[in-house]
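One structure is given here, and the rest of the page talks about it.
Laboratory data are not the source of any read-out in this text; all were calculated from the coordinates shown. None of these values were measured; they are calculated from a predicted model. FYI the Cβ positions are ideal-geometry reconstructions off the backbone, even for glycines, and counts take in every protein chain you see.
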Amino acid sequence: MGLPVSVALRGRHAGDEVARAAWRRAQADLRAADAMFSRYRVDSWVSRHNAGLADPADAPPEVREVLALAEAARTASGGAFDVRRPGPDGRTVLDTDGVVKGWAVHRAARHLTALPGTDACLGGGGDLVCWTADPEGEPWLIGIEDPHDPTRLVAQVPCRRGAVATSGTAHRGQHVVDARTGRPPSGVASVTVVAPDLVAADVDATAAFAHGPGALSWLRTRPDRGGLVVWADGGTDLVR
């Protein structure tokens with residue numbers, strides 16, 4: 001899906017063949033997700049659907065799972081988040097990127113978080129799943145970029161078992177739209193969400209960003225979430 005993916009390990013299996021085998025399994029999961037959901041591959045299920053060649057009624061279980069997550073996000077966001085949009089010929093087309101990145105990385109991470117006595121951090125496109133073998137062990141320290149100046153950080157988040165995801169304009173410009181209006185949101189530069197799993201963190205970061213000026217108030221309604229909203233004027237607000 002055109003995303004950089006990185007892994008960091010520390011502890012018993014960091015750098016050994018057991019870890020390398022787990023990393024190969026994680027990579028295989030990510031490649032399978034890419035083959036199914038990438039809009040940059042003409043042979044992916046999503047591309048074939050958008051060309052009128054694949055029906056959701058006959059979709060593989062993984063596609064049905066992602067579409068169910070997307071529908072739950074659409075409902076929870078009041079329609080601000082939606083993976084469906086009108087195509088050039090009037091048909092509905094899919095852009096599942098706002099769901100599938102977190103879903104794919106979270107699934108792949110299970111091969112690494114299962115390593116005994118080993119801390120793991122798997123990142124995809126700047127979103128991360130973190131795990132420490134000891135629940136009270138040294139946390140991973142995740143930096144949050146300043147969307148106005150990506151060479152500096154606006155905050156650092158300690159994370160032992162959970163996920164951190166950011167949606168914003170710093171690297172991809174205005175790629176998120178409010179599905180209710182079809183236009184990019186205004187007033188917000190980035191939203192970072194900390195959640196128990198990366199699917200929740202990734203979807204909620206995108207949905208909150210889509211709310212624009214309402215990003216903070218909407219995010220505060222979400223259970224078990226923390227985060228940081230950076231506004232277009234440079235101001236910040238924490239969600240605890």
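Assorted remarks:
- Normalised Debye scattering of the range 122-240 at q = 0.09, 0.20 Å⁻¹ gives log10 I(q)/I(0) of -0.22, -1.06, counting only Cα atoms as equal scatterers and leaving out solvent.
- Only Cα pairs under 8 Å and 6+ residues apart enter the sum, and on that basis the relative contact order of the range 5-239 stands at 17 percent.
- For the chain, adding -39500 (n - 2.57) for each run of n ≥ 4 DSSP H residues and dividing by the number of residues yields -10500 deg cm²/dmol at 222 nm.
- FRET efficiency for the ALA232 to GLU17 pair, using the beta carbon distance and R₀ = 35 Å, is estimated at 0.10.
- Listed peptides 108-115, 221-228 by packing density, highest first (mean Cβ within 10 Å): 108-115, 221-228
- Across the range 193-208, rounded Karplus estimates of 3J(HN,Hα) from the backbone phi angles (6.51 cos²θ - 1.76 cosθ + 1.60, θ = phi - 60°) give 10, 10, 8, x, 9, 6, 4, 5, 5, 5, 5, 5, 5, 5, 5, 4 Hz, Gly and Pro being marked x.
- Taking the average, over residues, of other Cβ atoms within 10 Å as the packing measure, peptides 201-210, 68-77, 53-62 rank 201-210, 68-77, 53-62 from highest down.
- When peptides 150-161, 123-134 are sorted by average Cβ neighbour count within 10 Å, with the highest value leading, the order is 123-134, 150-161.
- When +1 charges are put on Lys and Arg Cβ atoms and -1 charges on Asp and Glu Cβ atoms, the dipole computed for the chain relative to its Cα centre reaches about 200 debye.
- The spacing between the range 184-205 and the range 88-108, judged by their C-alpha centroids, is 16 Å.
- Model label sites at ASP58 and LEU153, defined 7 Å from Cα along the beta-carbon direction, differ in position by 5.0 nm.
- You can think of it this way: the chain between ALA72 and ARG84 has 3.0 nm of extra reach, that is 0.36 nm per residue less the Cα-Cα gap.
- For the range 1-70, the square roots of the Cα gyration tensor eigenvalues, ordered a ≥ b ≥ c, give a/c of at least 1.5 with a/b greater than b/c, which places it in the prolate category.
- For the range 40-174, a crude dipole built from +1 on the beta carbon of Lys and Arg and -1 on the beta carbon of Asp and Glu, taken about the Cα centre, is about 240 debye to the nearest 20.
- Ratio Rg/Rh, restricted to the range 31-157 and using Cα atoms, in which Rh is the Kirkwood radius: 1.05
- Shown is the FRET efficiency for ARG183 and ARG24, computed with R0 = 41 Å from the Cβ-Cβ distance and rounded to the nearest 0.05: 0.45.
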